[in-house]
Structures are given as structure tokens and as C-alpha cells.
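Derivation of every value follows stated rules applied to the coordinates shown; laboratory data play no part. As the structure is a computational prediction, the values presented were derived from the model and not from experiment. Cβ placement follows ideal geometry from the backbone for every residue including glycine, while neighbour counts extend to all protein chains displayed.
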Amino acid sequence: MSKKWLLLLLVMGFVVACAPKTNRVDVDSDDSMDDTETTSKDLETVTQNMARGLIQVPQIANAKTAPRIVFADVTNNTNEILNKNMFLRKIRTLLMKNAAGRMIFVDRDRWAEIQKEREMKRAGTVTASGKKMMSGADFILTGVLDSLDKASGGRRSTYTRYSFRLTDAESGDIYWEDAYEVKKVGKAGLYDR
Amino acid sequence: MTGKPQGGFFQRSRAAAALLLFLFAACAGKPEPVKAFLRGDLDAAVNGFAAEAAKRDKNFALHSAQLGSAAITAGYYDLADQAFQGASKVMWSTGAGELRGLLSLISAESLKVWKGEPFEKAMASFYLGLLYYMRGEYDNAAAGFRKAILANKQADENHREEYAVAFYMLARCLARQKDLDGAKVALAKAKKIYPGNPYFDLDKIQRSNFVLIVETGIAPEKYRHGPGASLDAFREVKTADAGAEVTVGRFSLGAAAEAFDLYLAAKNRGSSGKDVVQGTKGVLRDAAIATAVISDNQWVSLGAGLFAVANQSQADIRQWEILPQRVAIMVAYVPPGSYDLRIDFLDSSGYKLPQYSQQWSHVSVRADRDNLYLFRALPKQGGNIERVRPPQTKPQSAEEKNHEKDAG
């Protein structure tokens, strides 16, 4: 192969390497942005661990009738603005897929719509298949996200703790609590201040 | 080319190059969206910055940050949120633009992906905090303010805790979340910087429901200096507006009190290894230019000239141009309702600047959460503030829906 062709191939290789592209990657892969914040991999790991832990809680696993669970808000005490309730929604999805029938989830996010529908049924505006009481919860699932951040010059470290707990909605007893911890350290390039 | 270059040709070429450089410098004004923002044409600024950000090039974070600034000032809160989130992602990334970053060490610094100075990173997070505070999402707002404080920790060692307005807003968030000890700590840090600010008081935080963030002046200007123009520094941009007075309905709420000065933050940003690299590049470039001019050997001259051309040492002076210089706060308790609001911007002697006066109507004060508004000293602002409506993107919780239902 002549030198001219070799050079042409090299230039083409460089052009192809520099061309913009979008790849589909696994949701539990690390992203290429290299910061110390929560990634989709953290979300996957946290929610899978928590869903697995919840199924094994004796009060749920050995219950004769499926307990009702309400998902409350997650409190974000980190330095990162997060769509914090994404964690609870993902846990719920995993539980619905893997433990259907062993627990029932009460939808409080749609409280107003449900009330309105009930009122229309009672008023005879729409059809009704029978009256039911609104379900009360046996357990409340909550979460707290905490972090410790340090930054100096171009260096930064973030320790994040994602913790969730299951509380008895009648007695206030905590039946289960679990946490996932991760520490990430990043260093900016010399070119970045 | 053979033989020794003619001195006359080189002199003529240098003169022509100098003239071209001068003309280029004279024509290079501020970008159009920046001009639009500064003349108060916020929609044009938003559209201009959005078009620039859509290119998703090395300046994406810069254009997104400026888009966020224009959008939050114009009241397009969802767009501002999106823009600041995008800018912050790049600004805090250590991996984005690695190749460009490495190239910038041996050639023009402006080749690198723009990630901003510590105070610019801090402002992007601060604005995000404000957006979430407006929504009543105090934990996410606190996250924004904490991150703004963290960004400033990259500044000079003696000036790492000077972001008083972020400490103050963090204190408000913590107080709303019933963490009074945390609020006291944050407030003490704010007070340390501005001991005379009358609003830095926990009791006032607990009793107030109306917060105005008032921005005046223009961001300090980044300029080149040093060998080969390789270093950058900031200088203050003098503007007439220095303070503001606020009237709600028929009641004067008094003057907004300064809580952050971006010029001081820029001045105290500190130095880094990058400055050493830039300085070295500048010295080498100056030496190469001198060699190219004075050497009698044409090959040495040519080599030195080519080295000088390849080694573009000029400092990167891209900056978030539409930031304000000063951020002031005004805090009060205002009974829930709808009000007219007037802001008079003042010069440093306390005289009103009529061209910046803003008269707003339908300023709503809600009972269920703190009411935060952001105003900037710009011409042609005012009108029905329902245009600057509170953001509605936060999914309502069951409690909020029930509250509205009960109220209805």
C-alpha cells in the first residue's frame, strides 16, 4: 500500500472518530460524563437492592393477606438536584413485576382524580360497578438521600447514601430499613480550572 | 522561497497584518443575543441563545447558561431549568471534552470545552436553587444552593465561603424544612461576609413570606494580559445602577441589601496549574516571535515564526457575559393577595434611575409557600407579572391537590 493511501486511511479514521454519534448503552453502565453525581447505574443498583430487600421483609413475605403500601416523598439532602421520587417509582415498578399479588400499592398521587371519579359515580353521571372504601395503608415507604461533598481545586469527592425504610402506618414501628452507599472521586483535567 | 527575505516585504506584511487585526478587534462586538438582553429585549435574547445552544458545540454550557439567565429573567422558568441543568452537567463534568482540553494545553486555550470559572458554576447552581425555591421544593432548592457554595470552594483558599446569598437562601430552605440548627450555621456564614445585611436574621426568615432577588450591574469583564496575552483576569464594568428600592401596593419595603458581588468573586477565583501552562506558552510564543523578527538566519526565522503561529498562547476569554455584578435581597411579610409592585433602581449616590424603573401588576403572594421573584436592572421591563408566572412543572403531591381541593 502506498504512503498516499495510508495517509488517506489515517485521515478518514480520524474524521470517523471525531464524527458526532449516539449510542444505545445499558442503563446500568457508567456514563461518560465522569462527574461524581447520581447516575442511572446508581438508580438501577439502589432500586434493585431495595426491591429485593422489601420482598424479604417477614411482615410482607409471611402475610396472609397482601399488605397495602403507600409510597411517600423522598427527602433530598444531597448537593444534587434530583428527580427524587424516581427512586420510589422505580422500586414500585420492580415490585409490581416481581412480587405481584404479595403486596398492594395504594395510589395517593391520583387522590384528587379518584375522588372526582367516585363523586361522578355516586351522582350517577357515569356507570359504577359497586361501591368500595378507599384503601388505607398498612405500611409507608419513605426514603432519604444524603451526601457529603468535598471540593478543592479541581478535585471533588462525593459520598452519597440512599436509604429507605418501611414504617407501620398504624403503630409507627419501623419494620425494615436498608441503604446503599457510594463514594465517587473525580479530578478535573489541568485544562479545566 | 529562496534567498533572504526582503525586509520591505516583511515590514509591509506586518503593517497589513496589524491593520487587519485592529479592524477585526474593532468589529468584534458583543454577540447579538447579549446585546438584546442588555437592551431589555428578553425574547430576542432567549431565541438567540437557544439557537446557539442548539449547536451543541464546545460552547454549549456557555450558551445554555446564558439561555438560562435570559429565560429566568423573562419568566420562562421551565426553559431556564432545562438550560441550567444542561449547563451544569457540562460545567461539573471532568470527562467532557478531554481531547479538546489536551489540545488547548499546546495550542489556543479557547479550543477547550467551556466549563466556566468557579463563580460561573456557582451562579448556574444558584439559579437552579432559585427555580426550585419558587416551586416550593425546598430540599432540591437547598441542593442547588449547597452546590453553588461547593463550586466556590474551587476559588482562592481565603475566599471559599464568600457566597453570602447562597448561604442565606440555604438558611431559608433549611428553616422551611424545620432544620433550624442548620439554618443558623448557614446564616452565620452569610453574616460573616455581610455583617450589616439587615435580612440575615433567623427570626426574619421565619416571619417573612416574600423574597425578592434583585440583580444590578454587569458581570466583570475577562481580559487578556501577560506574556503572549496568555493570562486572563477580570476588571469591573462600571454601570450606573447600584441598588434598588421596592414598593408593594402603597407600602415601601425599603432598599434591597447587597448579598453577593461577582466582581469580588471573579477577582478572588485563585490560580491553577492551567495558568502556569498558559504563562509558559506565552513566554515561548513571545520568544519565538522575537527570534523570528531578529534572527539573521531565514530558516531559524521561519521555524520560529511557524512555532509562534502553531503555539496560540492567547488566554480563553469566553465568559458568561450577561451575569449581573451584584445580587441583592429584599425580604418581607406580605399578606396573601395580588399586588402592584414597583422597583426603582438607584445609582451609587442613591438617586433614582428612571430608565430602569419597573412597574409590575398582579404580583401574587400565595399563602401556602414562600413567594420568590427575581428582577434585573434592565430597560423596558414591567407590566403584568402573570407573564412571569410561577412554574407549574412540579408534579403536585396528594397533599397539595387536597389543599387546592379544600380551598376550592
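Cβ crowding within 10 Å ranks B:TYR163, B:TYR373, B:TYR263 as B:TYR263, B:TYR373, B:TYR163, fewest other Cβ atoms first. Each DSSP beta bridge with both residues in chain A is either parallel or antiparallel, and the antiparallel ones are about 70%.
FRET efficiency for the B:ASN297 to B:ASP275 pair, using the beta carbon distance and R₀ = 25 Å, is estimated at 0.15. Highest mobility in the GNM of chain A, judged by mean-square fluctuation with C-alpha springs under 10 Å and restricted to A:SER171, A:SER157, A:SER40, is found for A:SER171.
Classify chain B as rounded, prolate or oblate from the Cα gyration tensor: take a ≥ b ≥ c as the square roots of its eigenvalues, call it rounded if a/c is under 1.5, otherwise prolate when a/b beats b/c and oblate if not. Taking the square roots of the gyration eigenvalues as a ≥ b ≥ c, chain B is prolate. When you restrict to C-alpha pairs under 8 Å that are six or more residues apart and normalise by the size of the range B:71-178, the relative contact order lands at 20 percent.
Taking chain B as a Gaussian network of alpha-carbon nodes connected by springs under 10 Å, the highest mean-square fluctuation of the residues B:GLN358, B:GLN66, B:GLN298 belongs to B:GLN298. Can you give the FRET efficiency to the nearest 0.05 for B:ARG342 and B:GLU221, using r as the Cβ-Cβ distance and R₀ = 22 Å? Result of the calculation: an efficiency of 0.10.
Averaged over peptide B:139-146, the number of partner chain Cβ atoms lying within 10 Å of each residue's Cβ comes to 6. Once you've got the Cα coordinates, tell me which of B:LYS55/B:LYS147; A:LYS187/B:LYS274; A:LYS150/B:LYS121; B:LYS121/B:LYS204; A:LYS150/A:LYS184 are over 20 Å apart. Too far apart for the 20 Å limit: B:LYS55/B:LYS147; B:LYS121/B:LYS204. Its Cα gyration tensor gives the range B:190-240 an equivalent ellipsoid. The semi-axes, each the square root of 5 times an eigenvalue, are 38, 14, 9 Å from largest down. Assign one of three labels to the range B:36-169, namely rounded, prolate or oblate, based on the Cα gyration tensor with a ≥ b ≥ c the square roots of its eigenvalues; rounded applies when a/c is under 1.5, prolate when it is not and a/b is larger than b/c, and oblate otherwise. Note, shape of the range B:36-169 comes out oblate. By how many degrees, 0 to 90 and rounded to 10, does the Cα axis of helix B:77-91 deviate from the longest principal axis of chain B? For B:77-91 against chain B, the angle is about 40 degrees.
Rounded to the nearest angstrom and listed largest first, the equivalent-ellipsoid semi-axes of the protein assembly as shown from its Cα gyration tensor are 51, 33, 22.
The angle between the Cα long axis of helix B:398-407 and the longest principal axis of the Cα atoms of chain B comes to about 50 degrees, rounded to the nearest 10. If R0 equals 60 Å, the separation of the Cβ atoms of A:TYR159 and A:GLU117 corresponds to a calculated FRET efficiency of about 0.85.
Shape class of the range A:50-160 from the alpha-carbon gyration tensor: oblate, with a/c at 1.5 or above and b/c at least as large as a/b. Each Cα pair under 8 Å and six or more residues apart adds its separation to the average, and for chain B the resulting relative contact order is 18 percent.
Considering only A:TYR162, A:SER135, A:ASN98, and ranking their Cα positions along the charge dipole of the range A:46-193 that arises from unit charges at the beta-carbon of Lys, Arg, Asp and Glu, the one farthest toward the positive end is A:ASN98.
Arranged from fewest to most other beta-carbon atoms within 10 Å of their beta carbon, A:THR78, A:THR127, A:THR167 become A:THR127, A:THR167, A:THR78. When B:PHE200, B:PHE307, A:PHE71 are sorted by how many other C-beta atoms sit within 10 angstrom of their C-beta, beginning with the fewest, the order is B:PHE307, A:PHE71, B:PHE200.
Report, to the nearest 10°, how far helix A:111-122 tilts away from the longest principal axis of the Cα atoms in chain A, using its own Cα long axis and a range of 0 to 90°. Approximately 40 degrees, to the nearest 10.
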